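This report refers to the structure that appears directly beneath it.
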Amino acid sequence: MGLELHRPLCFFDLETTGVNVVSDRIVEIAILKLLPNGNREGKTWLVNPGMPIPKGASDVHGITDDKVADAPLFKQSATEIYNYIKDCDLAGFNSDRFDIPLLAEEFMRAEVDFDLTRHKTIDVQTIFHKMEKRTLGAALQFYCDKELINAHSAMADTEATCDVLLAQLERYGELENNTAFLSEFSSHKRTVDVAGFIVYNKDDQPTFSFGKHKGKTVDEVLENEPGYFGWLLNADFPLYTKKVLTAHRLRKLNSGS
């Protein structure tokens, strides 16, 4: 069973300076675009993170300060990257928890208006863990009977992720071969802000998922403790989280409620 697409699906993978969505930066991004006709096209961008790459990170992906010294900053490539994915849905391995939140941060810092509501997302790792609970290398071996060569090379990981999803569709008859179903099936929580600080509750209301107001709706907190909004904007939270909160607050003010 193939994958039924109504618009391109971009598989992507990031290599980074670390795993902190707020403070770490992209050093390489690879995107493999799967077109509705089944054709594939791919691009890779090397990125100067504007900060030293920790040795621990370089030991994982092999990208050093020397390798990115002459590469453009993300801000210089941001428009090109955005234009490549803007009319597409997104897929990755652990992408909902890490790659998409970090990519959103980089776009925000580059002043590119990235709005995740325009994209459906598929996290191939979530499908894999729900079905088999393994890693990307094991997934490729299990589903495709192939060994993952050059693991932590962005394009190798990206191609492996694409191959695994297509093999998952062949193996599991209960998986529908369309982006909408796979996006819903692979989501952990219904998040409002991609990083998971704000989620939808059972009544579809934006709700804080952390801290002293965990479980309370955004409307409830902003009404009873308006100073909390200012604290969040000045605290060390992802820019996309702040964007979502600001937009929500403005809608409430404009509606008069």
Of Asp70, Asp66, the only residue that is part of a helix (DSSP H, G or I), modelled with pLDDT of 95 or more and loosely packed, with under 13 Cβ neighbours inside 10 Å is Asp66
For Leu250, the lone unmet condition from (1) part of a loop (DSSP other than H, G, I, E, B); (2) over 19 Å from His119 (Cα atoms); (3) out of contact with any strand residue (DSSP E or B) (no Cβ under 7 Å at 6 or more places or on another chain) is (1)
Within the range 236-257, the residues that are modelled with pLDDT of 90 or more and loosely packed, with under 10 Cβ neighbours inside 10 Å are Asp236
Of the residues in the range 186-207, those that are surrounded by 17 or more Cβ atoms within 10 Å (Cβ to Cβ) and under 20 Å from the mean Cα position of the chain (by Cα) come to Ser186, Thr191, Val192, Asp193, Val194, Ala195, Gly196, Phe197, Ile198, Val199, Pro206
All-but-one check, Ala138 against (1) free of Cβ contacts under 8 Å to residues at least 24 places away in the same chain; (2) farther than 21 Å from Leu14 by Cα, failing number (2)
Checked pairs for the range 72-96, first farther than 27 Å from Val199 by Cβ, second assigned to a strand (DSSP E or B) and of a type in the set (Lys, Arg), C-beta under 8 Å and 6 or more apart or across chains, list as Tyr84/Lys33; Tyr84/Lys43
Residue under question is Thr117, and the condition is that it be within 21 Å of Gly18 (Cα to Cα), outside the structural domain of Val244 (by TED's automatic domain parsing) and not small (Gly, Ala, Ser); does it hold? no
Taking the range 187-241 and keeping only residues that are in contact with a Leu (Cβ under 8 Å, 6 or more places away or on another chain) and part of a loop (DSSP other than H, G, I, E, B), one is left with Asp193, Val194
| task | With respect to Ile53, determine if the residue is surrounded by 14 or more Cβ atoms within 10 Å (Cβ to Cβ) and part of a loop (DSSP other than H, G, I, E, B). | result | yes
Taking the range 30-48 and the residues there that are closer than 21 Å to Ala151 by Cβ and free of Cβ contacts under 8 Å to residues at least 60 places away in the same chain, the one that is surrounded by the most Cβ atoms within 10 Å (Cβ to Cβ) would be Val47
Filter the range 82-133 for residues that are in a helix (DSSP H, G or I), surrounded by fewer than 21 Cβ atoms within 10 Å (Cβ to Cβ) and of a type in the set (D, E, K, R); the one that is nearest to the chain's Cα centre (by Cα) is Arg97
Filtering the range 81-104 down to residues that are under 18 Å from Thr17 (Cβ atoms) and of a type in the set (A, V, I, L, M) yields Ile81, Ile100, Leu102, Leu103, Ala104
Within the range 1-29, the residues that are within 18 Å of Leu116 (Cα to Cα), buried (at least 19 other Cβ atoms within 10 Å of the Cβ) and out of contact with any Leu (no Cβ under 7 Å at 6 or more places or on another chain) are Asp13
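Every residue, every condition in (1) in the same structural domain as Asp163 (by TED's automatic domain parsing); (2) aromatic (Phe, Trp, Tyr); (3) over 20 Å from the mean Cα position of the chain (by Cα), yes or no:
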| residue | (1), (2), (3) |
| --- | --- |
| Gly2 | no, no, yes |
| Gly18 | yes, no, no |
| Val21 | yes, no, no |
| Arg25 | yes, no, no |
| Lys33 | yes, no, no |
| Thr44 | yes, no, no |
| Pro52 | yes, no, yes |
| Gly56 | yes, no, yes |
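The values are calculated or read from the model by the stated rules, or taken from the named source; none is laboratory data. Please read all numbers here as calculations on a predicted model, not as lab measurements. Don't worry about glycine lacking a Cβ; one is built from the backbone with ideal geometry, like all the others, and counts go over all protein chains shown.
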